[in-house]
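Peer 1: One structure, as structure tokens, below. Some questions next.
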Amino acid sequence: MLKISATQLEAHRRYLDGKISLDQLHSQLLRLEPPNELMALGTRFHELLQADTITPKSCAPNFEYNQMLEARSQIDYRCKAFEVKLRSTIDTYDGTPVVITGVADQLFPNKVVEYKTRYSPFQYEGYADSMQWRLYCLLFEVPAVNYKVWEMKRHEETNFCTVKTYNDFTLYEYPNLKRDVRAAVTELVDLVRVLGIHKEPALQYTDKVLDRVLMQT
């Protein structure tokens, strides 16, 4: 069965918007490239946000302790549901069942919270246009996705990062959200078939257990 992740669906959206090339999309769909250094730094930042406690030593050598304390002050630790993965199915318009997957950085009963680090100026539209939050509203059955975005400056000679700006905003589900997600999944499935990559392991779901069925024709 075909499998589409939130990351792959968003990559396809960025391709349609002219943000990445077809070759770049192909590479991202098949997960051909390992995480780069900025991605690794983002993962480390996530880990420090989600840790029970931090120390100056645990923040070194990439982040400053007091800045991490300030970043952690934006997190609601009353909810410990971090890195929650969910899988479900959705039917394309021709009736093909597709597994969709996503991992919420933090899951509350009424929202998903996503932590983002970036190394270029913050642009709200890039998040508002994203397919990620739309898929998450549907997949996790929540009415909203809250983004917490830290714009970072990376000092290349030391790989040390400092926070430049912080932005916090929430995007909400709307009446046609399910239709839009289904259309996006259908378009991506059609494309991977045309490209002949629909049987690649990165696009196949082999487990027998799903969390639930979201939408059927």
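FYI, it's all coordinate maths here, none of it is from the lab. Since we're looking at a predicted model, the values are computed, not measured. Cβ coordinates were reconstructed from backbone atoms using ideal geometry, including for glycine residues, and neighbour counts include every protein chain displayed.
Peer 1: Hey, any idea what the orientation-averaged projected area of the convex hull of the chain's Cα atoms comes to, in nm²?
Peer 2: 12.7 nm²
Peer 1: Hey, rough spin-label estimate for Ile197 and Val103, points 7 angstrom out along Cα→Cβ, what's it come to in nanometres?
Peer 2: 2.0 nm
Peer 1: On to the next question. Loop-only chymotrypsin sites (Phe, Trp or Tyr not before Pro) in segment 23-83, please: DSSP not H, G, I, E or B, and at most 15 other Cβ atoms within 10 Å.
Peer 2: Tyr77
Peer 1: Let me spell out the model: positive unit charges on the Cβ of Lys and Arg, negative unit charges on the Cβ of Asp and Glu, origin at the Cα centre of segment 7-120. What dipole size does that give, in debye rounded to 20?
Peer 2: 200 debye
Peer 1: Going by amide H atoms built from the backbone, whose H comes under 5 Å of the H on Phe63, apart from near neighbours?
Peer 2: Correct list: Cys161.
Peer 1: Segment 144-165 to segment 9-33: how many Å between their Cα centroids?
Peer 2: That distance is 23 Å.
Peer 1: Pairs of alpha-carbon atoms within less than 8 angstrom and 6+ residues apart define the contacts here; what relative contact order does segment 111-196 have, in percent?
Peer 2: The value is 29 percent.
Peer 1: What are the ³J(HN,Hα) couplings of segment 78-86, residue after residue, when phi is run through the Karplus curve with 6.51, -1.76, 1.60 and θ = phi - 60°? Round to Hz, x for glycine and proline.
Peer 2: Running phi through 6.51 cos²θ - 1.76 cosθ + 1.60 with θ = phi - 60° gives 5, 10, 9, 7, 9, 6, 8, 9, 9 Hz.
Peer 1: Cα to Cα, under 26 Å, and not fewer than 8 places away if on the same chain: which lysines meet these conditions relative to Lys148?
Peer 2: By straight Cα distance, Lys148 reaches Lys19, Lys57, Lys80, Lys85, Lys111, Lys116, Lys164, Lys178.
Peer 1: Going by C-beta contacts inside 10 Å, put Cys59, Cys79 in order with the fewest on the left.
Peer 2: Cys79, Cys59
Peer 1: Highest GNM mean-square fluctuation, the chain, Cα pairs closer than 10 Å: which of Arg72, Arg179, Arg14?
Peer 2: The residue that fluctuates most here is Arg179.
Peer 1: I need to check one value: relative contact order of the chain, counting alpha carbon pairs closer than 8 Å and at least 6 residues apart, in percent.
Peer 2: Relative contact order, the chain: 27 percent.
Peer 1: Next question. Going by how many other Cβ atoms sit within 10 Å of their own, how do Glu151, Glu37, Glu47, Glu156 line up, fewest first?
Peer 2: Listed from fewest to most nearby Cβ atoms, that is Glu156, Glu37, Glu47, Glu151.
Peer 1: Taking 0.36 nm per residue of separation and subtracting the Cα-Cα distance, what length does fully extending Met39 through Thr96 add?
Peer 2: Extra length available between Met39 and Thr96 comes to 17.2 nm.
Peer 1: So what's the back-of-envelope 222 nm ellipticity for the chain, counting only DSSP H runs of four-plus at -39500 (n - 2.57) apiece and dividing by all residues, rounded to 500?
Peer 2: Calculated mean residue ellipticity at 222 nm is -10500 deg cm²/dmol.
Peer 1: Counting other beta carbons within 10 Å of each residue's own, what order do Leu188, Leu30 fall into, fewest first?
Peer 2: Placing the least packed residue first, the sequence is Leu30, Leu188.
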